[in-house]
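The values are calculated or read from the model by the stated rules, or taken from the named source; none is laboratory data. These numbers come from a predicted model, not from an experiment. With ideal geometry, Cβ positions are generated from the backbone for all residues, glycine too; neighbour counts draw on all protein chains shown. Side chains included, ligands, DNA and RNA excluded: accessible areas come from the protein's heavy atoms. Shrake-Rupley method; radii C 1.70, N 1.55, O 1.52, S 1.80 Å.
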Amino acid sequence: MKLRYIFITIVLSGCLFPMFVFAQDMAYPIEGDGILSFLRRWNRIDTSYVREFKELNIDRINAQGGLELGTAYLIPPLHPGDVYPAPEVIDQPTERKIFGNKYKDFAIVSDNLKDACFYIISGHGGPDPGATTRVNGHELHEDEYNYDFSLRLARNLMMQGAAVYMVIQDEYDGIRDERYLANNNGETCWGEPIPKSQIDRLKQRVEKVNDLYAGDKDKFKYVFAVEVHIDSRNPKKQIDLFLYYADNPQSRLTSYTLRDEVLKQYKKHQPNRGFSGNVSYRNLYILRELNPPAIMVEVGNFQNTRDRLRILDPNNRQAIANWMTNAFVEDYKRVTE
Ligand SMILES: [Zn+2]
């Protein structure tokens with residue numbers, strides 16, 4: 001009897017002790033769980049959590065690499081910047097699958113933009129490629145790069161808690177970590193085919209955004225439309241970033257905040273090169289006709305070799321989207337505080 005008692009004590013302490021030490025960081029999987037879905041429930045979204053999970057649970061993962069019901073698993077600690085539980089999000093008007101397989105899963109990292117709504121309009125699309133250029137035998141179309149920038153910006157803004165409409169959508173292209181983006185004309189304007197004639201095309205997106213804005217303007221503290229372009233001008237001219245604002249004070253003030261923030265980032269990350277960010281009013285159809293405050297961004301000159309180096313580099317496209325996101329967070333504070 002005594003022997004049996006001792007045996008049970010050892011077994012119990014052997015399994016309870018680690019349970020006790022890590023009690024808060026362990027959880028049981030639910031029916032149908034794989035490692036990814038298990039981690040997602042704990043808002044561990046980044047793929048590096050999978051590696052950490054496997055290291056922590058090397059003895060608990062079954063022979064097929066899966067999870068066993070009734071076994072408790074250690075949850076990897078949160079990385080800096082990640083939080084659990086995930087901040088509550090408003091109904092997101094844009095489905096995440098638009099970002100493509102590699103980018104569709106992401107954590108909401110803050111509520112910095114929780115009362116903000118953005119209409120991101122990727123310039124051109126459908127039958128209209130925008131500016132074109134040739135690099136190393138590749139014919140490159142502006143609309144594909146506008147779209148990649150737009151997706152990166154939209155995703156970033158969502159991560160900060162904003163509601164975001166990707167007004168121009170392409171169900172086949174997510175975020176592409178490539179230099180040469182293949183061309184297609186499958187883009188739609190919020191599901192509608194994009195017409196051929198320029199004026200119909202612009203009208204279509206303006207009307208769509210104005211419709212949406214009528215329903216959104218009282219729901220949010222901060223609403224903004226951003227149209228994304230790449231400029232096309234004399235190849236000698238390096239332009240970095242141009243911002244055009246509509247004829248209202250919100251658009252103007254926001255474009256100056258954006259310029260100042262992006263300028264700050266350039267100084268920090270590329271101190272040795274000047275930045276020729278330019279802000280001006282321009283009487284463009286789209287800016288004139290949109291009801292929400294609106295700006296147009298021109299990210300570099302497609303014909304300039306140095307601007308193009310940065311447009312073609314996916315890391316740079318992401319960096320510019322990140323800087324613009326920081327800038328919107330700053331501007332949101334300015335407007336709402
Ligand atoms: Zn354009």
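Data for the structure
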| quantity | calculated |
| --- | --- |
| Of the criteria (1) within 16 Å of the ligand (Cβ to nearest atom); (2) within 29 Å of ASP177 (Cβ to Cβ); (3) open to solvent by 20 Å² or more (accessible area, probe 1.4 Å); (4) not charged (D, E, K, R), which one LEU284 fails | (2) |
| Subset of the stretch 149-177 that is among the small types (Gly, Ala, Ser) and farther than 15 Å from GLU298 by Cα - its residue that is nearest to the ligand (Cβ to nearest atom) | ALA154 |
| Residues within the stretch 101-148 that are within 12 Å of the ligand (Cβ to nearest atom), open to solvent by 10 Å² or more (accessible area, probe 1.4 Å) and under 30 Å from ARG40 (Cβ atoms), tallied | 0 |
| Test: PHE224 is in a loop (DSSP other than H, G, I, E, B), in the same structural domain as TYR332 (by TED's automatic domain parsing) and surrounded by 12 or more Cβ atoms within 10 Å (Cβ to Cβ) | no |
| Residue in the stretch 191-198 that is within 16 Å of the ligand (Cβ to nearest atom), aliphatic (A, V, I, L, M) and in contact with an Asp or Glu (Cβ under 7 Å, 6 or more places away or on another chain) present | yes |
| Residue in the stretch 293-306 that is within 22 Å of GLY130 (Cα to Cα) and acidic (Asp, Glu) present | yes |
| ARG44, sole failed condition from (1) assigned to a helix (DSSP H, G or I); (2) open to solvent by 20 Å² or more (accessible area, probe 1.4 Å); (3) within 16 Å of ASP105 (Cβ to Cβ) | (1) |
